[in-house]
1. Please indicate, with yes or no, whether at least one residue in the range 262-269 is closer than 22 Å to residue 194 by Cα and over 20 Å from the mean Cα position of the chain (by Cα).
2. For the condition under 23 Å from residue 18 (Cα atoms) and either surrounded by 22 or more Cβ atoms within 10 Å (Cβ to Cβ) or in contact (Cβ under 8 Å) with a residue 24 or more places away in the chain (or both), what is the one hit in 146, 162?
3. Which condition breaks for residue 170 when tested against (1) modelled with pLDDT under 95; (2) under 25 Å from the mean Cα position of the chain (by Cα); (3) in the same structural domain as residue 72 (by TED's automatic domain parsing)?
4. Just wondering, is there one or more residues in the range 37-57 that are touching a residue at least 24 places away in the same chain (Cβ under 8 Å), more than 24 Å from residue 134 (Cα to Cα) and either touching a helix residue (DSSP H, G or I) at 6+ places or on another chain (Cβ under 9 Å) or surrounded by fewer than 19 Cβ atoms within 10 Å (Cβ to Cβ) (or both)?
5. Within the range 173-215, restricting attention to residues that are touching a helix residue (DSSP H, G or I) at 6+ places or on another chain (Cβ under 6 Å) and surrounded by fewer than 21 Cβ atoms within 10 Å (Cβ to Cβ), which residue is modelled with the lowest pLDDT?
6. Restrict the check to the range 268-279 and report whether at least one residue is within 23 Å of residue 206 (Cα to Cα) and at pLDDT below 95.
7. Residue 245 - would you say it is surrounded by 19 or more Cβ atoms within 10 Å (Cβ to Cβ), within 19 Å of the chain's Cα centre (by Cα), under 20 Å from residue 76 (Cβ atoms) and at pLDDT below 95?
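The values are calculated or read from the model by the stated rules, or taken from the named source; none is laboratory data. What you are looking at is a predicted structure, and each value in this text was computed from that prediction instead of being measured. Note that we place each Cβ from the backbone using ideal geometry, even for glycine, and neighbour counts take in every protein chain shown.
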């Protein structure tokens with residue numbers, strides 16, 4: 001199994017360490033100021049926060065979630081202080097510090113694009129936890145490096161991280177439950193699929209639907225929202241198959257049951273919209289049309305959840 005060891009901004013680390021002491025964090029955004037965040041690593045890859053000089057120790061770890069490039073405004077809306085800053089303005093200043101004021105082609109000065117690497121189920125180690133970085137770490141690495149977690153220094157770091165992560169949990173479980181009890185003391189790292197948080201869900205749905213409203217085709221990100229087919233509060237999960245990317249007005253109508261999407265992916269508008277509000281012409285124009293769907297089969301809206309919405313929420 002491979003892990004990624006990322007050189008970590010200490011302001012980002014210290015801010016989120018302080019937050020983790022007062023509330024459990026289910027996700028954070030390990031962002032890149034350049035707007036580039038491509039990776040070949042799969043979701044669930046252990047992701048280590050490697051502190052730089054003069055610390056040279058592991059500050060914590062989590063599991064890689066959705067990776068994409070998004071404007072600052074969307075990153076702040078999705079993750080808030082989970083971006084490692086107290087305000088959007090402070091985050092913008094940090095981006096500008098690393099960019100040295102440069103603006104990329106096609107982006108606005110005050111809403112730059114950043115690389116978004118969602119880290120799920122993060123753990124931040126306090127300063128008294130001393131997990132040294134790999135002894136053979138190359139000095140010319142400037143971003144991060146992949147390492148095997150089953151042998152050598154990578155295995156040593158992974159085992160120490162699991163040990164300290166257990167000590168920080170009241171239930172004593174390994175974070176992410178990726179350590180299997182049989183075998184050696186800490187177990188062998190296994191493939192793990194962590195659950196998405198609310199921010200990661202938003203980012204994943206936006207990308208799955210290619211940043212376009214499934215019903216109207218609207219592409220303006222500020223008005224696009226990731227709608228849960230079955231709300232989280234009633235047992236729905238933060239999973240792309242439980243999501244639809246909808247324009248904000250369509251999202252509100254969907255949540256209130258005035259519109260739905262059938263199991264065969266047809267958009268349906270309730271007659272009660274016209275009867276109750278003497279309006280809705282713009283929405284009836286889409287009635288009966290097939291929505292735009294994600295390109296990957298695993299991201300298609302779940303048929304059973306669509307049936308649930310049509311049965312339990314839709315005002316037919």
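1. No, there is no match, as no residue in the range 262-269 is closer than 22 Å to residue 194 by Cα and over 20 Å from the mean Cα position of the chain (by Cα).
2. Going through 146, 162 in turn, just one is under 23 Å from residue 18 (Cα atoms) and either surrounded by 22 or more Cβ atoms within 10 Å (Cβ to Cβ) or in contact (Cβ under 8 Å) with a residue 24 or more places away in the chain (or both): 162.
3. Going through the list (1) modelled with pLDDT under 95; (2) under 25 Å from the mean Cα position of the chain (by Cα); (3) in the same structural domain as residue 72 (by TED's automatic domain parsing), residue 170 breaks only (2).
4. For the range 37-57, residues touching a residue at least 24 places away in the same chain (Cβ under 8 Å), more than 24 Å from residue 134 (Cα to Cα) and either touching a helix residue (DSSP H, G or I) at 6+ places or on another chain (Cβ under 9 Å) or surrounded by fewer than 19 Cβ atoms within 10 Å (Cβ to Cβ) (or both): present.
5. Out of the qualifying residues, it is 186.
6. no
7. no
A quick yes/no check of all residues on (1) modelled with pLDDT of 95 or more; (2) more than 19 Å from residue 124 (Cβ to Cβ); (3) in contact with a strand residue (DSSP E or B) (Cβ under 9 Å, 6 or more places away or on another chain):
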{"residue": "32", "(1), (2), (3)": "no, yes, yes"}
{"residue": "47", "(1), (2), (3)": "yes, no, yes"}
{"residue": "50", "(1), (2), (3)": "yes, no, yes"}
{"residue": "55", "(1), (2), (3)": "no, no, no"}
